[in-house]
Amino acid sequence: MFHLIWLLIVGAVIGALAGAITSRDLPLGWLGNIIAGLIGAWLGETLFGDWGPQIADLALLPAIAGAIIFVLIISWALTKIKHQK
C-alpha cells in the first residue's frame, strides 16, 4: 500500500515538473499531473530505457522526458480540439 502512495506522489511531482518545464497546464489539476507523470514515466522508460536514478521503481530522467513529451502531445491535441469548435 505504501508503495502505491509513493508511486502516486512521485508521479504527481514528475507531472508537475513536466507541466512547469513546458509552461502548460493540464486539465484536472493534480489528478492530471499524476496521470501525466505515470503515463509519461511509462512512455519515457519505453522509449529511453530505465537508466538514471530511480524512486518508487520509476527511472527519473526518462520519466521526466516521457512526461514532457506526453504533456506536449496532450496540450497540442487539446488546442486542436478547442480551435475546431
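The values are calculated or read from the model by the stated rules, or taken from the named source; none is laboratory data. Predicted model only: the values in this text are computed from it and were never measured. Ideal geometry is used to build each Cβ from the backbone, glycine not excepted, and the neighbour counts take in all protein chains shown.
Could you run through region 26-56 and say how many residues are loosely packed, with under 12 Cβ neighbours inside 10 Å and assigned to a loop (DSSP other than H, G, I, E, B)?
Narrowing region 26-56 to residues loosely packed, with under 12 Cβ neighbours inside 10 Å: 27-29, 46-47, 49, 51, 53.
From what's left, assigned to a loop (DSSP other than H, G, I, E, B): 27-28, 49, 51, 53.
Here the count works out to 5.
Tally time: how many residues in region 57-85 are under 14 Å from Ile14 (Cβ atoms) and either without any contact (Cβ under 8 Å) to a residue 40 or more places away in the chain or surrounded by 16 or more Cβ atoms within 10 Å (Cβ to Cβ) (or both)? Talk me through it step by step, then tell me what you get.
First pass over region 57-85, keeping only residues under 14 Å from Ile14 (Cβ atoms): 57-71.
Narrowing further to those that are either without any contact (Cβ under 8 Å) to a residue 40 or more places away in the chain or surrounded by 16 or more Cβ atoms within 10 Å (Cβ to Cβ) (or both): 58-71.
Residues flagged as under 14 Å from Ile14 (Cβ atoms) and either without any contact (Cβ under 8 Å) to a residue 40 or more places away in the chain or surrounded by 16 or more Cβ atoms within 10 Å (Cβ to Cβ) (or both) within region 57-85 amount to 14.
Can Ile21 be described as under 20 Å from Leu4 (Cα atoms) and either modelled with pLDDT under 85 or in a helix (DSSP H, G or I) (or both)? Break it down stepwise before answering.
Details: under 20 Å from Leu4 (Cα atoms): no; either modelled with pLDDT under 85 or in a helix (DSSP H, G or I) (or both): yes.
Considered against the rule, which asks whether it is under 20 Å from Leu4 (Cα atoms) and either modelled with pLDDT under 85 or in a helix (DSSP H, G or I) (or both), Ile21 comes out as no.
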